[in-house]
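None of the figures in this text is laboratory data; all of them are computed from the coordinates on show. Remember, predicted model here, so these are calculated numbers, not experimental data. FYI the Cβ positions are ideal-geometry reconstructions off the backbone, even for glycines, and counts take in every protein chain you see.
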Amino acid sequence: MLFYSDRSGRYEIWMMDLRTKELAQVSQGNAEGDAAWAPDGRSVAYSESRRLRVLDLKSRRLHTLGPDLHLGAPSFSPDGRSVCSIAVDMDSRDGKQLQIYRMPVGGGEATAVPTPEGAPFSCLWSLDGAAIYYDLFILNGTQRHIWAVNLASGRSRQITTGEDDNADPALSPDGRNLLFLRDHRQLFVMPAKGGEPRLLYSFKSNQIAENPAWTPDGRGIVFSMSEKTGDIFVLQPAGKKP
């Protein structure tokens, strides 16, 4: 299992053997969140020092993709030959500072993936490699929704609707179902081609969930969760008695 942790004193990507619980540090400096396994499990993609890295776990060979872009939240294509990622472009001339790119794992030019006006925050390949799922925050809106873009036509279709925030899509291992988070407090599943969402789980009011993913056998779901706690204080003006 790959995860993000500050256990070394700074945030890095770590790997845990789920049988032995043995830990190994993957990144070596200023990692920036999500990481992704290659389909064959032999390499890992992650963002480090504002660059997208691919690490071969056996040879420890490390190379950089899209060196001119600040890339994060990677996802491998089903054949392992390409990666999609979210780029942050602070110098964008059209005001679009977040953009999906795809690029060959072996190196090559990064290609922008067309999306509707707004800000995509994640990307995920379909199992046939013909489409990319993503969540999109519409400008001047109040929530995100799940979309899918056909890579051949460049056309996107909106999958979730409504007034709630729907984000963090995850495909089931067979590609039939799409898991997502609603308002970071409810797990929903729906047909990947579209349909009625079904509630799987509701978290407590003080819990916030992120980054859901299916287990390889499709029988379980893993996610990260934080719990909000706090105390109430009264600030009394100086010289005043309570």
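Shown in residue order for the range 109-126 are the 3J(HN,Hα) couplings computed by the Karplus curve 6.51 cos²θ - 1.76 cosθ + 1.60 at θ = phi - 60°: 6, 7, 10, 5, 9, x, 9, x, 4, x, 10, x, 10, 7, 9, 7, 6, 6 Hz (x for Gly and Pro). Loop-located trypsin sites (Lys or Arg not before Pro) across the range 163-200 with a Cβ neighbour count of 13 or fewer within 10 Å are 176, 193, with loop assigned by DSSP. Only the Cβ atoms of Lys and Arg (+1) and of Asp and Glu (-1) were treated as charged; on that basis the dipole of the chain about its Cα centre amounts to roughly 340 debye.
Counted by Cβ distance under 12 Å from residue 49, the other residues give a net charge of +1, where Lys and Arg count +1 and Asp and Glu count -1. The string of couplings for the range 228-234 from the Karplus curve (6.51, -1.76, 1.60, θ = phi - 60°) is 8, 9, x, 10, 9, 10, 10 Hz, one whole number per residue in order, with x for Gly and Pro. Taking a Cβ cut-off of under 13 Å around residue 209, the surrounding Lys, Arg, Asp and Glu residues balance to a net charge of -1, with basic ones at +1 and acidic ones at -1. Picking from 215, 160, 115, which is most flexible by a Gaussian network model of the chain using Cα springs under 10 Å? Maximum among the listed residues: 215.
Size descriptors for the range 1-113 (Cα atoms only): Rg and Dmax, in that order, 14.2, 50 Å. Considering only GluC sites (Glu not before Pro) in DSSP loops that have at most 13 other Cβ atoms within 10 Å, the longest stretch of the chain without any of them is 23-108.
Amide H contacts for residue 126 (H built 1.01 Å from N in the peptide plane; partners 5 or more residues away or on another chain; cut-off under 5 Å): 131, 132, 133. Computed with the Debye formula from one identical point scatterer per Cα of the range 97-139, without solvent, the log10 of I(q)/I(0) at q = 0.16 Å⁻¹ comes to -0.45. Residue separation of residue 143 and residue 158 scaled by 0.36 nm, minus their Cα-Cα distance, works out to 4.1 nm of gained length.
Restricted to Cα atoms, the chain shows a radius of gyration and a Dmax of 19.6, 71 angstrom.
Between residue 234 and residue 204, the C-beta separation translates, for a Förster distance of 30 Å, into a calculated FRET efficiency of about 0.65. If you take the square roots of the eigenvalues of the alpha-carbon gyration tensor of the range 122-229 and sort them as a ≥ b ≥ c, do you get rounded (a/c under 1.5), prolate (a/b over b/c) or oblate? Oblate shape, in that a/c is at least 1.5 and b/c is the bigger or equal ratio. At what distance in angstrom do the alpha carbon centres of the range 168-216 and the range 11-78 lie from each other? About 24 Å separates the Cα centre of the range 168-216 from the one of the range 11-78. Remark on residue 43: its backbone amide H falls under 5 Å from those of 38, 57, a criterion applied only to residues 5 or more positions apart or on other chains, H modelled at 1.01 Å from N.
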